[in-house]
Every structure is written in C-alpha cells, then in structure tokens.
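Novice: Below is the structure I would like to discuss, written out as structure tokens.
The values are calculated or read from the model by the stated rules, or taken from the named source; none is laboratory data. None of the values given here were measured: they were computed from a predicted structure. Neighbour counts are summed over all protein chains in view; Cβ atoms, including those assigned to glycine, are modelled from backbone coordinates with ideal geometry.
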Amino acid sequence: MAATNYRTGRVVALASTAALGGFLFGFDSAVINGASSAIKATFGLSSFALGVVVSIALIGSAVGAWFAGYLAERFGRRKVMLVAAAMFMLSAFGQAFPLGIYDLCLWRLIGGAGIGVASVMAPMYIAEIAPAQLRGRMGSLQQFAIVIGIFATGLTNYLILDAAGGDSLNDWLFGIPAWRWMFLTMVIPALVYGFFAWRLPESPRYLVEVGKFDEAAAVLSQIYTDDVSARVEDIRVSMQGEHKPRMSDLRGKR
C-alpha cells in the first residue's frame, strides 16, 4: 500500500464536524412533519395556510444559500457555521413557542436560512480541507448526514408522540404540548454543531485569502505530514488566477 502524506483520522474528524450542518439540514427540514396537524388545530389554519407555514422555510433556505458564500468570503467559514448554529437554535425556540401564525412563519424563515447556510458551508469547508484523494468520500458525508438527520427527527417525533399518548396536542413534560417538544429537540443538535464548529480550525484557503499565511500553514500541518509551506504557496498562486463570480456570469458568454 502506498504511503499517504496526510492524516486520515484528522481529515475525517474535520469533515464529520462540518457535516453536522447536513444533519441539522435534514433534522430541521423534516421536524415539522410530526407537528403539522397540531399546528393546524392550534392556530385554526386552513390547509392552504398550513402549506404556507410548512413550505416558507424553503424561501429562507434560498436566501441563506444565496448569501452564505459572500459571508464566508467576508468573515470566514467557521464564523458563518456558528451563525448557522445560532439560527437553528433560535428557530427551535421560536417555532416551539410562537406568539402567533406570523411569528411562526418568521421563525420558519430563520430556520430555513440556517438550512441554506449549512447546505453551502459544509461542502465548501470539506472541499477546502480534504486532500484530493479523500475529497469525494468526505464530501459524501454531508449527504449521509442529511439522511441521518431526517431519520433522527422522524424517530424523535415518534418517541415524543408515543410518550404523549399518540396525540401531539396532548401535554407531555412540564405541561408543554408534545408538538412544541418536537421543535425543542432541535436545540440539542444545534448546540452540538455550534460547540464543534467553534473548535474547528479556519479554512486554510480563507486564511491565505486574507493574508494569514502562518495560520494557514498551522492548519495544513494538522492535515498533511509533508512540507506545508509549498501548499500555502500553491493555494496563493491558484487564487491569483481565480475569476470573481458576478451576476452577469449567469447569462454566459455572448
């Protein structure tokens, strides 16, 4: 077997941490499935209004994904991941205890924005820290995490519903209806994601972009076992020839 010049365990750990955003992607996008009937009854919604409440998170996702790249270039990948974790956490409380239907829609939008941000940040970070030989496999971790997140929210919703006697309107712990607890469970993975994102090293590509070459070398030395100064220079040179994307690029060449 050929010797490798990277630390596989470290790469997997970093990529798995970033992929936690995918877990929250799946968890947050599916959690409302167990609470939809209770929300409809609690707020007296029509089927159309319920559809708006459920689907409005997709608008937030589009907005979050649209701005995530710009924010990551401006403030760094790690900080934007922390913002996404905060969005997930705040939206969990907001959706669990909305003041009314419009308030619920607002928190759904914020949670959706977190989904959009996470959907961009996870593959971006993984691509920038993973060696070429592992990049495809590490990139698939996010997709795997999304599916696990969807499964996890279905399982937790079922367990909460079963404990509440099969009716999501029934009070469960501390006199709080079961459907509200379904949203509150999202706080736990959001906290885990925020904690590990806080401990993540910044992307070496971003560090090179802002001129922090020594810090970039320090991060790369956690991943590679060979001379990282040459890798820092390779990143710097590759970025010099990059084309900055613009809206006009969508029209293509004329």
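Novice: Before we move on, is G69 under 29 Å from S140 (Cβ atoms) and at pLDDT 95 or above? Step through it out loud before you land on a result.
Specialist: Values: under 29 Å from S140 (Cβ atoms): yes; at pLDDT 95 or above: no.
When the stated conditions are applied, G69 does not pass them.
Novice: Quick one: which of A163, A152, A178 is of a type in the set (A, V, I, L, M) and without any contact (Cβ under 8 Å) to a residue 40 or more places away in the chain?
Specialist: On the way: A152 fails: without any contact (Cβ under 8 Å) to a residue 40 or more places away in the chain; A178 fails: without any contact (Cβ under 8 Å) to a residue 40 or more places away in the chain.
Within the list A163, A152, A178, the selection yields A163.
Novice: Just to be sure, is M247 surrounded by 11 or more Cβ atoms within 10 Å (Cβ to Cβ) and either at pLDDT below 95 or assigned by TED's automatic domain parsing to the domain that holds P123 (or both)? Full working, then the answer.
Specialist: Working: surrounded by 11 or more Cβ atoms within 10 Å (Cβ to Cβ): no; either at pLDDT below 95 or assigned by TED's automatic domain parsing to the domain that holds P123 (or both): yes.
When the stated conditions are applied, M247 does not pass them.
Novice: Residues V12, V63: which one is β-branched (V, I, T), part of a helix (DSSP H, G or I), over 16 Å from F183 (Cα atoms) and touching a Gly at 6+ places or on another chain (Cβ under 8 Å)? Quick ask: steps written out before the conclusion?
Specialist: Values: V12 fails: touching a Gly at 6+ places or on another chain (Cβ under 8 Å).
Only one candidate qualifies: V63.
Novice: Considering the stretch 50-75 alone, what residues qualify as being hydroxyl-bearing (S, T, Y) and either under 17 Å from the mean Cα position of the chain (by Cα) or not assigned by TED's automatic domain parsing to the domain that holds L104 (or both)?
Specialist: S61, Y70
Novice: Is the stretch 140-155 home to any residue that is over 19 Å from the mean Cα position of the chain (by Cα), at pLDDT 95 or above and under 23 Å from V53 (Cα atoms)? Walk me through how you get there before you give the answer.
Specialist: Residues of the stretch 140-155 that are over 19 Å from the mean Cα position of the chain (by Cα), as a first pass: 155.
The next check asks that each one be at pLDDT 95 or above; those that pass are 155.
Going one step further and asking which of them are under 23 Å from V53 (Cα atoms), we end up with 155.
Yes, the stretch 140-155 has at least one match.
Novice: Would you check if there is a residue in the stretch 168-178 being closer than 30 Å to I223 by Cβ, assigned to a helix (DSSP H, G or I) and in the same structural domain as M89 (by TED's automatic domain parsing)? If you could, list the steps in order and put the result at the bottom.
Specialist: Our first condition is that a residue be closer than 30 Å to I223 by Cβ; within the stretch 168-178, this holds for none.
No, because not a single residue in the stretch 168-178 is closer than 30 Å to I223 by Cβ, assigned to a helix (DSSP H, G or I) and in the same structural domain as M89 (by TED's automatic domain parsing).
Novice: Given the structure, is R10 of a type outside the set (F, W, Y), surrounded by fewer than 23 Cβ atoms within 10 Å (Cβ to Cβ) and touching a helix residue (DSSP H, G or I) at 6+ places or on another chain (Cβ under 9 Å)? Before you say what the answer is, go through the steps one by one.
Specialist: Numbers: of a type outside the set (F, W, Y): yes; surrounded by fewer than 23 Cβ atoms within 10 Å (Cβ to Cβ): yes; touching a helix residue (DSSP H, G or I) at 6+ places or on another chain (Cβ under 9 Å): yes.
It is true that R10 is of a type outside the set (F, W, Y), surrounded by fewer than 23 Cβ atoms within 10 Å (Cβ to Cβ) and touching a helix residue (DSSP H, G or I) at 6+ places or on another chain (Cβ under 9 Å).
Novice: For the stretch 37-64, which residues satisfy the criterion of being within 21 Å of I148 (Cα to Cα) and crowded, with 18+ Cβ neighbours inside 10 Å?
Specialist: Residues satisfying the conditions are A57, S61.
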